[in-house]
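Data first, discussion second: the structure below is written as structure tokens.
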Amino acid sequence: LCFSALPALFKEELRDEEAKEGEAVTLHCELTKPAPVEWKKGHTTLRPSEKYRMRQKDVTAELVIQNLSEGDA
């Protein structure tokens, strides 16, 4: 018997969020099974910093963007 594990898929995709400049916004996604999530903006991988906070619990991943600017759109 040979089988390959199914990949984790998005159960709930990211939704557009609106916020004002200088505020913070939180983006959420839900996966079909626990798997590591890598947040990107274009081709750039985001790293935890004062600007970006990442959290993940089981199948839910969250990205908090602090001090929003036009460049974060």
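Bear in mind that the values in this text are calculations on the coordinates, not laboratory data. Being a predicted model, the structure only gives us computed values, none of them experimental. Positions of Cβ are backbone-derived with ideal geometry, glycine not excepted, and every protein chain shown enters the neighbour counts.
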Inset, instruction - Just give me the residues in the range 16-32 being under 29 Å from residue 5 (Cβ atoms) and touching a Leu at 6+ places or on another chain (Cβ under 8 Å), in sequence order. - result: 27, 28, 29, 31, 32
Inset, instruction - Output the strands (runs of 3 or more DSSP E) that fall wholly within the chain and possess 3 or more residues being in contact (Cβ under 8 Å) with a residue 24 or more places away in the chain, surrounded by 12 or more Cβ atoms within 10 Å (Cβ to Cβ) and β-branched (Val, Ile, Thr), or say none. - result: 60-65
